[in-house]
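Scroll down for the structure; my scribbles are underneath it.
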Amino acid sequence: MGIALVVISAISFGSGGLFARPAYAAGIDWLTLMAWRFLLAAGLAWAVLLASPSALRALRTMPRRTVLTSVGLGVYYISNTATYFAGIATTPLSLAALIVYVYPPIVAVLALRFGRPLEGRRAWTALGIAVAGVVLAVGGIQADEMPPLGGLLLVISAPLFYSVWIIMAARHSGETSDAVGSEAVGAANASAVGAVMLSATAVSYWLICLVLNHPVLPADIPSGAWPGILGVGIVAGFVAVQFFYAGAQRVGAAQASLLSTVEPLWTIAAAGILLGERLDAIQLAGGALILAGVVLSQTGPRGEPAGLPQPTVRLGED
C-alpha cells in the first residue's frame, strides 16, 4: 500500500509541470496558479475528510500541537512550490524535473539523524544507482538549451526546501529511527493532517495575492487556463500531496524519496511526447538506471526483507 501510494504521488507530482505549461501559455503566472492549485486541493481534501467518519473523528480529537504543526508545515510548503513553479516558467521541464531529484540523497542523509534511515546495502546501492541515473539524464541536456540563471537557481533551491519539508512531515507523522509513522502510537490520521496542511498553504497563497493586489479572482483568469489549473490542483495538488504523506507514513521518508525517483522518468517521457522536448540516448540510459534503482530497492533474495516495514493497513482511515 505504501509503495503504491508513493509511486502514484510521484507520477502526480511529475504531471504538475505538464499542466502548468499550457496554463502559463494561456496568460496566468505561477502565483495565480499556486493559489488555485491549493484552493482546489484543500477543497477536495476536506470533501474526502467529511466523507470518512473515522478521519473526521481523528480530526476532532487531534491535539492542538498536531494542528499547529500541520499548519506550520502547510505554510512552509510555499518555499518548495513557489521556487519550482516559478522556475519552470523559464526552465525546460525535463531539466527541472531532473534537478529537483537531488533531494532523495539529501533526505537519506537527513534521515540518518532525524528519521528512519534506509536499511541495508541493497537500499543504499539502489539510491546510488538512481542518483547516477539522474546525473546521466541531466548530462543529456545540450549546453545551448540552458535556461536563464534566475530560473535555474529557483529550480535548484526547490529540492533543498523540499528535503527539509519531507523530514519535518515524517517526524510529524510519528517517524523515528526505529519505526515509520504508521507504527507510532497515536499516529495522526493522514487525511486529517493533509487537509489542514493544504488549507494552510492555500490560505497563505491567497493572502499573498490579496496583499500584492495580484490578479487571482475567476474574472481575472483566461478561460484557456482553467484546464491546466484544474489539472495542477487535482492531480499535482490533492492526489500528489495526500498520497505522498500517506505513503511516507507507511514506508518512511527516506524510502518514499527513493521510490519517488520514478517521477523524473515519467516527466521526461511525458515532456518528450506532449511538449516535444527531445530525449537523447544518454537521457534514456539515465531513465533506465532510475527505474533499475527503484526496482532493486523493492526486491531481494528469498528470506531477505526488502527494507520496508509491514504495518497493518486500516483501510478507510488514511
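The values are calculated or read from the model by the stated rules, or taken from the named source; none is laboratory data. Model, not experiment: these values are computed from the prediction. Counting neighbours? That spans all protein chains shown, and the Cβs are built from the backbone with ideal geometry, glycine included.
Quick grid of which residues meet (1) modelled with pLDDT of 90 or more; (2) buried (at least 22 other Cβ atoms within 10 Å of the Cβ):
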site	(1), (2)
V75	yes, no
T81	yes, yes
W124	no, no
G139	no, no
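Take the residues of segment 252-304 that are at pLDDT below 75 and of a type in the set (D, E, K, R): which is surrounded by the most Cβ atoms within 10 Å (Cβ to Cβ)?
E277
Which condition does P105 not pass, out of (1) within 25 Å of I282 (Cβ to Cβ); (2) in contact with a Ser or Thr (Cβ under 9 Å, 6 or more places away or on another chain); (3) modelled with pLDDT under 70; (4) surrounded by fewer than 21 Cβ atoms within 10 Å (Cβ to Cβ), if it passes all the others?
(3)
Which of the residues belonging to segment 57-104 are farther than 21 Å from S173 by Cβ, over 15 Å from the mean Cα position of the chain (by Cα) and assigned to a helix (DSSP H, G or I)? Spell out how you get there, then give the answer.
Applying the first criterion (farther than 21 Å from S173 by Cβ) to segment 57-104 yields 82-102.
Within this subset, residues satisfying the condition of being over 15 Å from the mean Cα position of the chain (by Cα) are 86-95.
Within segment 57-104, A86, G87, L93, S94, L95 meet the criteria.
Which residues, taken from segment 191-233, are closer than 24 Å to S173 by Cα and charged (D, E, K, R)?
Of everything in segment 191-233, nothing turns out to be closer than 24 Å to S173 by Cα and charged (D, E, K, R).
Out of curiosity, is S94 crowded, with 23+ Cβ neighbours inside 10 Å and in contact (Cβ under 8 Å) with a residue 60 or more places away in the chain?
Numbers: crowded, with 23+ Cβ neighbours inside 10 Å: yes; in contact (Cβ under 8 Å) with a residue 60 or more places away in the chain: yes.
So S94 passes the test.
Yes or no: segment 66-79 includes at least one residue that is closer than 29 Å to A271 by Cβ and of a type in the set (F, W, Y).
Scanning segment 66-79 turns up at least one residue that is closer than 29 Å to A271 by Cβ and of a type in the set (F, W, Y).
Would you please list the contacts, defined by Cβ atoms under 7 Å and residues six or more apart or on different chains, that run from a residue in segment 231-242 that is within 17 Å of W30 (Cβ to Cβ) to a residue that is of a type in the set (F, W, Y) and buried (at least 24 other Cβ atoms within 10 Å of the Cβ)?
Pairs that qualify, where the first residue is within 17 Å of W30 (Cβ to Cβ) and the partner is of a type in the set (F, W, Y) and buried (at least 24 other Cβ atoms within 10 Å of the Cβ), are G233/W36; A236/F13; G237/F38; A240/F13.
In the list V203, V216, which residue meets the criterion of being in a helix (DSSP H, G or I), aliphatic (A, V, I, L, M) and either under 21 Å from T81 (Cα atoms) or modelled with pLDDT of 90 or more (or both)?
Details: V216 fails: in a helix (DSSP H, G or I).
Of the residues listed, the single one that is in a helix (DSSP H, G or I), aliphatic (A, V, I, L, M) and either under 21 Å from T81 (Cα atoms) or modelled with pLDDT of 90 or more (or both) is V203.
Out of A4, A20, I need the residue that is farther than 28 Å from S223 by Cα and either under 21 Å from the mean Cα position of the chain (by Cα) or not in a helix (DSSP H, G or I) (or both). Which one? First the steps, then the outcome.
Working: A20 fails: farther than 28 Å from S223 by Cα.
The match here is A4.
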